[in-house]
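J.: Questions regarding the structure given below will be posed in turn.
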Amino acid sequence: MHKARDDRRALGAEGEARAAAHLKRRGYRIVERNVRAGGVEIDIVAARGRLIVFAEVKTRRSDTFGPPEQAVDAAKQARIARGAAAWLRGPGGRRARVERVRFDVIACLAAPDGSWQIEHWEGAFDGN
């Protein structure tokens, strides 16, 4: 039983690393990963200029139970928005340095052959 949980954890960590690399290739700076704010874990906080992106990463081995991005339901979106608001209230006047906030979902699908499919949904939800 622990092996399955460890395998899922490792898969999730690999997906998050690939999502962060994906963002970097597109000109984003990774500000923080797996940060807790307001009792919520935010997978990736990234910046490009004065835009801050809060990215939720969902990783799966198959889409048998639907695509990974479908796991980011309304309740999960509300939690992420709550965490983002807490993060923005954080030290150093973060909010003052931010012009725009966006909520993205990055879906990572690990194929049995070792290849990965990454889909980046910019502005996946509005955070309200």
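Every number in this text was worked out from the coordinates using simple rules, so none of it is lab data. Bear in mind that the values here come from a model prediction, so they are computed numbers and not experimental data. Please note: Cβ atoms are built from the backbone with ideal geometry, for glycine as well, and neighbour counts cover all protein chains shown.
J.: Roughly how many debye, to the nearest 20, is the charge dipole of the stretch 2-125 about its Cα centre, given +1 on each Lys and Arg Cβ, -1 on each Asp and Glu Cβ, and no other charges?
T.: Here the stretch 2-125 has a charge dipole of around 620 debye.
J.: In degrees between 0 and 90, to the nearest 10, how far off the longest principal axis of the chain does helix 2-25 point, with axes built from Cα atoms?
T.: Tilt of helix 2-25: around 50 degrees.
J.: Hey, what's the per residue convex hull volume over the C-alpha atoms of the stretch 51-110, in cubic angstrom?
T.: On the way: hull volume 4.8 nm³, N = 60.
Enclosed volume per residue, from the Cα hull, is 80 Å³.
J.: Taking Cα extents along the principal axes in Å straight from the coordinates, which label in (i) 38, 28, 27; (ii) 54, 31, 18; (iii) 45, 30, 23 is the correct one?
T.: It is the one labelled (iii).
J.: Please compute, for the alpha-carbon atoms of the stretch 32-82, the extent along each of the three principal axes and give them in descending order in Å.
T.: Sorted from largest, the Cα extents of the stretch 32-82 read 37, 23, 16 Å.
J.: Nearest 10 degrees is fine. How inclined is helix 74-88 to the longest principal axis of the chain, computing both from alpha carbons?
T.: The answer is roughly 40 degrees.
J.: Which peptide among 66-74, 18-26, 103-111 comes first, and what is the full order, when sorted by highest mean count of other Cβ atoms within 10 Å? Could you put the intermediate results ahead of the total?
T.: Numbers: 66-74: 14.0, 18-26: 16.3, 103-111: 20.9.
Put in order of decreasing packing, that is 103-111, 18-26, 66-74.
J.: As a test, work out the antiparallel percent of DSSP beta bridges whose residues both lie in the chain, rounded to the nearest 5. Working shown, then result.
T.: Values: 19 of 29 bridges.
Expressed as a percentage, antiparallel bridges in the chain total about 65.
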